[in-house]
1. Please list, in chain and number order, the residues 5+ apart from SER86 or on another chain whose amide H is under 5 Å from its amide H, with Hs placed from the backbone.
2. Each residue of segment 26-39 in order: what ³J(HN,Hα) in whole Hz does its phi give by Karplus 6.51 cos²θ - 1.76 cosθ + 1.60, θ = phi - 60°, with x for Gly and Pro?
Amino acid sequence: MASVMLTWAGTIGSISSPAPALCPDAQALRRHRQAVLQLAAQHGLSQIRVTPSGRLLLSVAENRTYVDIANFDASVEEAVGVAVESVPDGVLKNEGRSEDLDQATPL
């Protein structure tokens, strides 16, 4: 059995990691923030957050469905020129969720 030794070459103290760099799609979504937020409201979506990979994490009103999310995605693509993948924030309860969802920040 091989052993591995890890060494630390730094100081002990508070650790703050920089925010992950945003992909070009995420940057475009931020540039068109007002349009995206307006479209979200029209589709019953709120608390829009963007992941470093450009996915949108959002809250869905109780009376809305996945069809509303799909229509929102299509509306954003048409308005902003960026294909998006929206994920309802209910997936945050799943243990096997994608790590980038935990890094989502408000749009």
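1. Here LEU56 satisfy the definition.
2. 5, 5, 5, 4, 5, 5, 9, 3, 4, 5, 5, 5, 5, 4
All of the numbers you see were taken from the coordinates with simple rules; none came from a lab. Small disclaimer: the values here were computed from a predicted structure and weren't measured.
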